[in-house]
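Have a look at the structure below before the remarks.
The values are calculated or read from the model by the stated rules, or taken from the named source; none is laboratory data. As the structure is a computational prediction, the values presented were derived from the model and not from experiment. Don't worry about glycine lacking a Cβ; one is built from the backbone with ideal geometry, like all the others, and counts go over all protein chains shown. Side chains included, ligands, DNA and RNA excluded: accessible areas come from the protein's heavy atoms. Shrake-Rupley method; radii C 1.70, N 1.55, O 1.52, S 1.80 Å.
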Amino acid sequence: MTNSQRDQTLDQPADRPMLSVRDLTVAFPTAKATNEVVHHLSFDLPPGGALGIVGESGSGKSMTSLAIMNLLPPGATRSGSIVFRDTELTALREPAMRTVRGSRIAMIFQDPLSCLNPYYTVGDQIAEAYRAHRHGVSRRQAHRVAIESMERVHIRDAARRVNYYPHQFSGGMRQRVMIAMALSMEPELIIADEPTTALDVTVQAQILGLLTEIRENTGAGLILITHDLAVVSETTDQIIVMRHGDLVESGPVEQIFSEPRADYTRMLLDAVPRIDDAIDDMRTLPSSAAHETPTEGARL
Amino acid sequence: MTRQVLKRLAGMVVVLLLVCLFTYVIFFVLSPDPAVQICGKNCTPAKIDQIRDNLGLNRPFWAQFWTFLSGLFVGRTYGEGIQCSAPCLGYSFQSSQSVTSMMVQRFPVSLTVAVGAAVLWLLAGLVSGLIGAINEGKFIDRFISGLTFAGMSIPNYVLALVLQFVLVVTLRWLPFPQAVAFGDDPVQWFLNFLMPWIVLAVGYAASYTRLTRANVIEALQENYVRTARSKGLRPSVVWRRHALRPALTPIVTIFGMDFAGLLGGAVITETVFGLNGIGKMASDAITKNDQPVIMGVTLLAAFLVVVGNMVVDLVYTAIDPRVRIGASA
Ligand SMILES: Nc1ncnc2c1ncn2[C@@H]1O[C@H](COP(=O)(O)OP(=O)(O)OP(=O)(O)O)[C@@H](O)[C@H]1O
Ligand SMILES: [Mg+2]
């Protein structure tokens, strides 16, 4: 599955993005006014690429990712175009969209404790996702996949811990479980919405390292959402900066860090401690620019 | 875990002892002299004295209470030679039957009424609560809300009379109730109990619908429901596994208490339908001031509630993994 996907990826012309978002607008219409929280947003993600979406709280980052998944809260409307691997997602009906969710595009959220159901073991919750998309898979097989997925995210003693409940894990381990759940389906695209915000700094670095490792091993694309520029600097190659639902600036990580055009970006950069170290780290990181030529990134 | 259970058991024993004491005080000290009642119409002071002697009413309160209490565990002897074996709750003033054997005789009826009604109201409450929650604000939700409102406000006896009139007299869908044993005619037996079950279940079903709806709506807001959707699970799976399941935990607690309460007799329903259960026994005893029976029924109800409470606590521990298994990992 993964191999054939990667072959396809290689066959595709380099300028053919895996995900192409055009004029995405998310709004909460009320009787009086329509409150637009994402405003004509456009960006591209090259195959196997990693895109960071950065912006302060309330800038519309989560709404963008939920719009892609068609999981917006009740009352929200979306318009525009979201093309994922030649499929127009906005045209899909719910049952067809369900086959995309989890299996082709997986999501990882902030605060893994509240995002895992306290009543089921983590193994159950991983296996449940797997069985939803692979018909005729036995419980035992799905259980084995759960253990394997947990091993892939370096949870030690996975065969035993697969039977643990979420509350029995530490925060970092829970986020690993969430990632294992996303991984179990071998998705082509992983959207991580503030995956490290609830974690302390050392654990943050581990989780980001894990996401990079997974991307290298599976060739999956990554959209990493964060309010912290330091987080994307080491993990993604392209960045878009959002504010109040608008795209402020976009481009390769190096460019955003070295010559930010917007004042807002500069302000965000000032909030990042030791940017130079981050850039150095990023430059020495073998993964960046490893598989694709820098594209023009987001076109406006 | 074992320590917890033992602690609860000890607490339960203390509560039951206190209940016994209060019941005893209320019925045997504060209410009119039972000896006068038993004595009946052509009564003489000598006769009353003799009865008082037989019942031990001339002895100090604590001695009487002690006899009563030990009667519960080892039995007691009245006057000369009337042996009342444990658990002894005395004899009915009306029928002179042993209260314990009266309760043993009638308990199966109350149990049948309670179990059947519970099955009905759980099914109706959970299903319509879930349907209401996932269609929040839509027509079907408002319709169900209207029904629950009606179900909660209509008194049991009114509902019973209306149902009897409509189903038995007008439509003739149900036969006229006749007492039959399950073994003799299961169909008639079932039809007999159908109306009491429905009447008793309606009020509970209404409140369980509301409870389930509120809990499921709350659960649907949880982040883990969003996760479940993001995994591409079917809505039915999301609702059942990720919204209904967490919503059930508080319902189990309330159900345990409601059910335990009903085992002690559904007074109105049993009386209206002429079912010889504990509830009817209680209402008959109250109208005739048959103190030993009233006291026996009260103690049984208290016992069931206390035991029910403990069972609920234990079940609660068992169904929530966060309580059952500590965070040690
Ligand atoms: N259910 C809702 N109804 C109305 N407005 C909403 C709703 N949910 C979110 N919003 C608004 O949408 C805007 C964007 O929210 P979003 O969650 O996408 O921000 P974000 O960039 O992810 O911020 P954060 O860093 O806090 O997660 C916010 O201004 C928020 O107030
Ligand atoms: Mg957000």
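For the reader, a short list of remarks on this structure follows.
- Rounded to the nearest 20 debye, the dipole magnitude of the range A:3-299 is 1420 debye, with +1 charges on Lys and Arg beta carbons, -1 on Asp and Glu beta carbons, and the Cα centre as origin.
- Ranked by solvent-accessible area (1.4 Å probe, protein heavy atoms only, all chains present), the residues A:LEU183, B:LEU304 order from largest to smallest as B:LEU304, A:LEU183.
- Rounded to the nearest 5, the antiparallel percentage of DSSP beta bridges internal to the range A:3-299 is 55%.
- With all projection directions averaged, the alpha carbon convex hull of the range B:15-84 covers 5.1 nm².
- Remark: the range A:50-93 carries 37 Å² of accessible area per residue (probe radius 1.4 Å; ligands, DNA and RNA excluded).
- Tail beyond 34 Å, pair distance distribution of chain A (Cα, percent): 19
- Highest mobility in the GNM of chain A, judged by mean-square fluctuation with C-alpha springs under 10 Å and restricted to A:VAL21, A:VAL37, A:VAL272, is found for A:VAL272.
- For the range A:136-143, 3J(HN,Hα) computed residue by residue from phi via the Karplus equation (6.51, -1.76, 1.60; θ = phi - 60°) reads x, 8, 6, 4, 5, 4, 5, 4 Hz, glycine and proline entered as x.
- Listing of the range A:152-172 residues, each with accessible area lower by at least 40 Å² in the full protein assembly than in the chain alone (probe 1.4 Å): A:TYR165, A:HIS167, A:GLN168
- Between A:MET150, A:MET97, A:MET181, the GNM of chain A built on Cα springs shorter than 10 angstrom shows A:MET97 fluctuating the most.
- Accessible-area order (highest first, 1.4 angstrom probe) of the listed residues B:LYS47, A:LYS32, B:LYS280: A:LYS32, B:LYS47, B:LYS280
- Per-selection Kirkwood Rh - the range B:1-160 (Cα, Å, 1 d.p.): 20.6
- Distance between the 7 Å Cα→Cβ label points at B:MET152 and A:GLN206: 4.9 nm.
- Calculated mean residue ellipticity at 222 nm for the protein assembly as shown: -17500 deg cm²/dmol, from DSSP H runs with n ≥ 4 weighted as -39500 (n - 2.57), summed, divided by the residue count and rounded to 500.
- Between the range B:222-299 and the range A:177-253, the Cα center-to-center distance that results, in Å: 49
- Partner chain coverage, peptide B:219-226 - average Cβ within 10 angstrom: 5
- Using all pairs of distinct alpha-carbon atoms, the Kirkwood hydrodynamic radius of the range B:99-328 works out to 19.6 angstrom.
- Chain A and chain B together bury an accessible surface of about 2500 square angstrom, both sides counted, with a 1.4 Å probe and no ligands or nucleic acids included.
- Any cysteine of the protein assembly as shown lacking a neighbouring Cys Cβ under 4.7 Å - listed by number: A:CYS115, B:CYS20
- Residue-normalised accessible area of chain B, expressed per residue, 1.4 Å probe, Å²: 52
- Here the mean projected area of the convex hull built on the C-alpha positions of the protein assembly as shown is 39.2 nm².
- Of all accessible heavy-atom area on the range A:176-241, the percent that carbon and sulfur account for (1.4 Å): 49
- Normalised by the number of residues in the range A:3-299, the mean separation of alpha-carbon contacts (under 8 Å, six or more apart) gives a relative contact order of 24 percent.
- Anchor B:LYS138: lysines whose Cα lies under 28 Å away (excluding residues fewer than 8 positions away in-chain): A:LYS32, B:LYS231
- From phi via Karplus (6.51, -1.76, 1.60), per-residue ³J(HN,Hα) for the range B:21-27 in Hz, x at Gly/Pro: 4, 4, 4, 4, 4, 4, 7
- Counting only residues at least eight positions apart within a chain, or on another chain, the aspartates and glutamates with an alpha carbon under 17 Å from that of B:LYS288 are B:ASP33.
- Computed over protein heavy atoms with a 1.4 Å probe, the carbon and sulfur contribution to the accessible area of the range B:109-227 reaches 70%.
- Share, in percent, of DSSP beta bridges within the protein assembly as shown that are antiparallel, nearest 5: 60
- In percent, rounded to a whole number, the relative contact order of chain B is 21, using alpha-carbon pairs under 8 Å and six or more apart.
- Helix B:245-263 and the longest principal axis of the Cα set of chain B meet at an angle near 20°.
- Within the range B:228-269, the residues that become at least 10 Å² less accessible when every protein chain is included than when their own chain is isolated (1.4 Å probe; DNA, RNA and ligands ignored) are B:ARG229, B:SER230, B:LYS231, B:GLY232, B:LEU233, B:ARG234, B:PRO235, B:ARG241, B:HIS242, B:ARG245, B:PRO246, B:THR249.
- GNM result for chain A, Cα springs below 10 Å: residue of A:TYR119, A:TYR164, A:TYR264 fluctuating most strongly: A:TYR119
- Magnitude of the charge dipole for the range B:15-84, about its Cα centre and with charges confined to Cβ atoms of Lys, Arg (+1) and Asp, Glu (-1), is about 60 debye.
- With the whole protein complex present, B:ILE325 retains an accessible surface near 50 Å², based on a 1.4 Å probe.
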